[in-house]
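S.K.: Dropping the structure in here first, questions after.
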């Protein structure tokens, strides 16, 4: 009887471990529309914790979202982009306003719920994978961090200003450098989340 009980616990533990792994694997979901790959993470909620407290106190919070795609092998980065977003909370409407600042400026055309705002930010990280073969193996990673006010200000310091305006190359390099460092325990962050290996053909078939 004791052996059967122990075996039963092992089966339960194995099932729960497998379930946890499956849930983790689904935190980053990729979909393909022709040669463009879109990111979604319905289990990940970054409008929470200290950043949300700041927004409810009428502060704006800046987020950096980094999306990376490797092709062929994990040694070859095909594309690595960082988006910078500023989010605020409307206490009267109880909804969010969001603007993408980098790499191109774009504002959401309406106030949204927390889930809608998170989804909008990730949709803005869509990547063009033109040149990648349909059967070539791909890996993806997503990393999200909330900036302290001092970090957000330093991205547009005097050294980023040229005669023609703000140097976006310098700003992008600073954002990538910031996200390349391990997140401090006090810094709100989510991820990194990973997916792969997979192929464009597999993603396209999943869309049918």
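The values are calculated or read from the model by the stated rules, or taken from the named source; none is laboratory data. Model, not experiment: these values are computed from the prediction. Every residue, glycine among them, receives a Cβ derived from its backbone with ideal geometry; neighbour counts consider all protein chains shown.
S.K.: Restricting attention to segment 186-208, which residues are modelled with pLDDT of 90 or more, in contact with a strand residue (DSSP E or B) (Cβ under 7 Å, 6 or more places away or on another chain) and outside any strand (DSSP E or B)?
M.R.: Going residue by residue through segment 186-208, those that are modelled with pLDDT of 90 or more are 190, 192-203.
Next, from what is left, pick out any that are in contact with a strand residue (DSSP E or B) (Cβ under 7 Å, 6 or more places away or on another chain): 190, 192-200, 203.
Of everything in segment 186-208, those that are modelled with pLDDT of 90 or more, in contact with a strand residue (DSSP E or B) (Cβ under 7 Å, 6 or more places away or on another chain) and outside any strand (DSSP E or B) turn out to be 199, 200, 203.
Conditions (1) at pLDDT 95 or above; (2) farther than 20 Å from residue 145 by Cβ; (3) surrounded by 11 or more Cβ atoms within 10 Å (Cβ to Cβ); (4) touching a strand residue (DSSP E or B) at 6+ places or on another chain (Cβ under 6 Å), marked per residue:
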| residue | (1), (2), (3), (4) |
| --- | --- |
| 7 | no, yes, no, no |
| 15 | no, yes, no, no |
| 19 | no, yes, no, no |
| 24 | no, no, yes, no |
| 33 | no, yes, yes, no |
| 42 | no, no, yes, no |
| 49 | no, no, yes, no |
| 73 | no, yes, no, no |
| 79 | no, no, yes, yes |
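S.K.: On to the next question. Would you please name the residue that is nearest to residue 135 (Cα to Cα), looking only at residues in segment 81-98 that are surrounded by 15 or more Cβ atoms within 10 Å (Cβ to Cβ) and free of Cβ contacts under 8 Å to residues at least 24 places away in the same chain?
M.R.: It comes out as 98.
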